[in-house]
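Report on one structure; see the data block that follows.
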Amino acid sequence: MANTPLALGIDLGTSGVRIAVIDAGRSLLFSAATGYRQGLHAPCDWIRALEELIPSIPTPLRRQLGALAVDGTSGTLLACTHQGDPLGDALPYHQACPEQIEHVRDLITEDGPACSSSSSLARALRLLQQHPQPVLLRHQADWLHGWLLQDWRWGEEGNNIRLGWLLQRQCWPESFHGEAWMASLPDIRPSGSPLGTLSRQRSRDLDLPDDLIVVAGTTDANAAVLTADAADDEGITVLGSTLVIKRFMDEPLRPGAGTSTHRVGGRWLGGGASNSGGAVLRQIFPGIDLAELSRQIDPERSSGLDLRPLACRGERFPVDDPTQEPVLTPRPVSDSLYLHGLLEGLSKIERDGWQRLQQLGAPAPKKLVTLGGGARNPQWRRLRERMLGLPIRSCTTPPAAGVARLALTALQQKSPAANHSE
C-alpha cells in the first residue's frame with residue numbers, strides 16, 4: 001500500500017480554500033485551510049491559497065499524489081484571455097444582474113437555474129458588456145483547473161448548469177449558437193473525467209509529481225455531498241457560509257428558478273442554495289465565539305423573533321427574488337436571544353427549501369445529514385430538529401475530501417490522461 005497513489009482534493013469555498021489528501025480507502029491523511037485575503041472575487045487569492053497550502057502537504061504524501069480535482073463556488077464567474085489572464089475581478093455567485101433579465105429570458109425560455117438575474121448567464125452577459133471579445137468565461141473551479149493545466153479549454157458540467165448547460169441533453173441551448181460569444185464558453189466534460197496532466201511549470205512551482213492527473217471536479221456543495229455518504233431516505237444540508245440543501249433522486253427535479261439538478265456518482269442530485277448562511281452570523285457577530293453564545297440558547301423554546309438573515313438584498317432560493325430585503329430587526333439587548341432568532345430564521349429558510357424541492361418532485365427526506373461549520377452546533381441542530389420535524393446527524397469530514405474522491409475514482413479506473421500540457 002505504501003506506493004499506492006493518493007488523491008488530492010481542493011475545495012474553494014465562499015470564505016477560503018481547504019485541501020485534503022486521501023488514500024485508496026478514502027481515509028483522510030492530511031487537511032489544511034486558509035482564508036481569502038481580498039475575497040472570493042479575487043482570482044489572485046485563489047492562486048495564493050494553492051501556493052500556500054500545497055507545499056504544506058508532508059513531502060512523502062506529496063510525492064505519492066496521483067491525481068487531483070477542484071471544486072468551487074457554483075456561479076462565481078470570471079472573464080479571462082485565452083491565456084487565462086483575468087480581465088478583472090470575478091463576479092461572485094450571489095451577485096445578481098437584474099439589468100440582464102430580459103436578455104436572459106430571450107435566451108432561456110423555460111424556468112431553470114440559468115433563467116434568473118442571479119444566474120451565471122446573467123453575470124456572463126454583464127462581463128461580456130464590460131470586456132471586448134475575444135474572452136473566455138470560466139467558473140472558479142474551471143479556471144483553477146485551467147491554471148493547473150495551463151490550458152483553459154475545459155469546463156465541468158455541474159459548474160456550468162447555471163450558465164445554461166443542459167445536463168440531460170449534454171449541450172448548450174440552441175439559442176446560444178447564434179450569439180457572437182458562443183466561442184467564450186468552455187468545452188464541457190463530465191465530473192470525474194481526466195482533463196490532462198499537471199503542466200510542467202505548475203509541477204515545478206508547487207513541487208508536485210509531473211505525471212499528476214488533473215480530474216474535472218464539481219461544485220463546492222456537491223463536494224460536501226460526496227463526503228456525507230447519505231442514505232436513500234436522507235436529505236443533505238450544508239450549513240457553511242451559505243445554506244445549501246440537496247437530495248438524491250431517481251429522476252431530475254422539474255425546472256424551477258433557483259434550483260438545479262446535477263449528476264453525481266451516476267445519480268441525480270437536486271437542490272438549491274440560499275444567500276443566507278453562516279456568513280450572515282459572522283457579519284453580525286464579528287469576533288464573537290458563537291459556540292459559547294449558542295450554549296445560552298434553549299432550543300426547545302421559541303425566540304419570539306421573526307427574522308430573515310440575509311447578508312444583503314436579494315435571495316436565490318427557496319424564492320428567486322433579487323429584491324428581497326433582509327429582516328435583521330428588532331435586535332434585542334441579549335446577544336444570545338438575537339442569535340436564537342437568527343438561527344430560527346435560517347431554519348425557516350431550510351424548511352421552506354425542503355418544501356420547495358418537494359413541489360418540484362423531490363421525495364420528502366425522512367432524516368437529514370448536515371455538513372459545514374453549522375453541523376458542529378448542537379443547539380442549532382436540536383432547534384432544526386424541532387422546526388423541521390426530522391432527526392439530524394452531523395458529518396464533519398471536509399468537502400475537500402469529497403472532491404478528492406473524484407480524483408481517487410479516476411485513479412482507480414486507470415483512465416488514460418491526456419498528453420502533458422505546457
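What number of residues within segment 172-185 satisfy the criterion of being more than 18 Å from Pro113 (Cβ to Cβ) and assigned to a loop (DSSP other than H, G, I, E, B)? Let's see the steps before the verdict.
Restricting attention to segment 172-185, the residues satisfying the condition of being more than 18 Å from Pro113 (Cβ to Cβ) are 177-184.
Narrowing further to those that are assigned to a loop (DSSP other than H, G, I, E, B): 179.
Residues that pass the stated criteria total 1.
Go through segment 49-81 residue by residue and tally those that are exposed (fewer than 15 other Cβ atoms within 10 Å of the Cβ) and not polar (S, T, N, Q).
Here is the first cut: in segment 49-81, the residues exposed (fewer than 15 other Cβ atoms within 10 Å of the Cβ) are 51-52, 55-56, 58-61, 63, 81.
Filter once more, so that each one left must be not polar (S, T, N, Q): 51-52, 55, 58, 60-61, 63.
Of the residues in that region, 7 qualify.
Would you call Leu343 hydrophobic (A, V, I, L, M, F, W, C), surrounded by fewer than 22 Cβ atoms within 10 Å (Cβ to Cβ) and out of contact with any His (no Cβ under 8 Å at 6 or more places or on another chain)?
On the way: hydrophobic (A, V, I, L, M, F, W, C): yes; surrounded by fewer than 22 Cβ atoms within 10 Å (Cβ to Cβ): no; out of contact with any His (no Cβ under 8 Å at 6 or more places or on another chain): yes.
Taking the combined requirement at face value, the residue does not satisfy it.
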Exercise for review: Could you check, for segment 366-375, whether at least one of its residues is surrounded by 19 or more Cβ atoms within 10 Å (Cβ to Cβ) and of a type in the set (Ser, Thr, Tyr)?
Suggested key: yes
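This table checks each residue for (1) in contact with a helix residue (DSSP H, G or I) (Cβ under 8 Å, 6 or more places away or on another chain); (2) exposed (fewer than 13 other Cβ atoms within 10 Å of the Cβ); (3) under 20 Å from Cys80 (Cβ atoms); (4) hydroxyl-bearing (Ser, Thr, Tyr).
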{"position": "Trp154", "(1), (2), (3), (4)": "yes, no, yes, no"}
{"position": "Gly164", "(1), (2), (3), (4)": "yes, no, yes, no"}
{"position": "Cys171", "(1), (2), (3), (4)": "no, no, no, no"}
{"position": "Ser175", "(1), (2), (3), (4)": "yes, yes, no, yes"}
{"position": "Arg189", "(1), (2), (3), (4)": "no, no, yes, no"}
{"position": "Ser193", "(1), (2), (3), (4)": "yes, no, no, yes"}
{"position": "Ser199", "(1), (2), (3), (4)": "yes, no, yes, yes"}
Exercise for review: State which residue is nearest to Ala231 (Cα to Cα) when the search covers only segment 262-272 and only residues that are over 13 Å from the mean Cα position of the chain (by Cα) and open to solvent by less than 20 Å² (accessible area, probe 1.4 Å).
Suggested key: Leu269
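Condition first: over 20 Å from Leu408 (Cβ atoms) and not aromatic (Phe, Trp, Tyr). Can you find one or more residues in segment 213-229 that meet it? Write out each step before concluding.
Start the filter on segment 213-229 by keeping residues that are over 20 Å from Leu408 (Cβ atoms), which leaves none.
Looking for residues that are over 20 Å from Leu408 (Cβ atoms) and not aromatic (Phe, Trp, Tyr), one finds none in segment 213-229, hence no.
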Practice item. Hey, can you tell me all the residues within segment 294-332 that are open to solvent by less than 50 Å² (accessible area, probe 1.4 Å) and at positive phi? Key: Gly314
Exercise for review: Within segment 204-219, identify whether any single residue is crowded, with 17+ Cβ neighbours inside 10 Å and either of a type in the set (D, E, K, R) or out of contact with any helix residue (DSSP H, G or I) (no Cβ under 8 Å at 6 or more places or on another chain) (or both), and answer yes or no.
Suggested key: no
Revision key, fill the gap. Residue count, segment 29-48, condition over 25 Å from Leu61 (Cβ atoms), open to solvent by 30 Å² or more (accessible area, probe 1.4 Å) and part of a helix (DSSP H, G or I), comes to 1
Exercise for review: Write out, first by first residue and then by second, each pair whose Cβ atoms fall under 6 Å of each other, whose residues are 6+ apart or on separate chains, and whose first residue, in segment 226-249, is farther than 19 Å from Leu346 by Cβ while the second is part of a helix (DSSP H, G or I) and open to solvent by 10 Å² or more (accessible area, probe 1.4 Å).
Suggested key: Leu226/Arg405
**Study point:** Of all residues in segment 172-208 being free of Cβ contacts under 8 Å to residues at least 40 places away in the same chain and within 22 Å of the chain's Cα centre (by Cα), the one that is farthest from Leu148 (Cα to Cα)
**Key:** Trp172
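Which of the residues belonging to segment 383-398 are part of a helix (DSSP H, G or I) and either touching a Leu at 6+ places or on another chain (Cβ under 7 Å) or surrounded by fewer than 24 Cβ atoms within 10 Å (Cβ to Cβ) (or both)? Talk me through it step by step, then tell me what you get.
Taking segment 383-398 and keeping what is part of a helix (DSSP H, G or I), we get 383-388.
Within segment 383-398, Leu383, Glu385, Arg386, Met387, Leu388 meet the criteria.
For segment 291-325, name all the residues that are over 28 Å from Thr76 (Cα atoms) and of a type in the set (A, V, I, L, M).
Taking segment 291-325 first, the residues over 28 Å from Thr76 (Cα atoms) are 291-306.
Once the filter is applied, which keeps residues that are over 28 Å from Thr76 (Cα atoms) and of a type in the set (A, V, I, L, M), segment 291-325 yields Ala291, Leu293, Ile297, Leu305.
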Practice item. Pairs only if they're at least six apart or on different chains, beta carbon under 7 angstrom, first in segment 67-89 and modelled with pLDDT of 95 or more and part of a loop (DSSP other than H, G, I, E, B), second among the small types (Gly, Ala, Ser) and open to solvent by less than 10 Å² (accessible area, probe 1.4 Å); list them, first residue then second. Key: Thr76/Ala90; Gly84/Gly146; Leu87/Ala79; Gly88/Ala79; Asp89/Ala42
Review point. How many residues are within 29 Å of Gly39 (Cβ to Cβ) and among the charged types (D, E, K, R) when one looks only at segment 51-110?
Key: 7
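The values are calculated or read from the model by the stated rules, or taken from the named source; none is laboratory data. This structure is a prediction, so every number in the text was calculated from the model and none was measured. Quick reminder, even Gly has a Cβ in these numbers, built from the backbone with ideal geometry, and neighbours come from all protein chains shown. Ligands, DNA and RNA are excluded from the accessible area calculation, which covers all protein heavy atoms including side chains. Shrake-Rupley method; radii C 1.70, N 1.55, O 1.52, S 1.80 Å.
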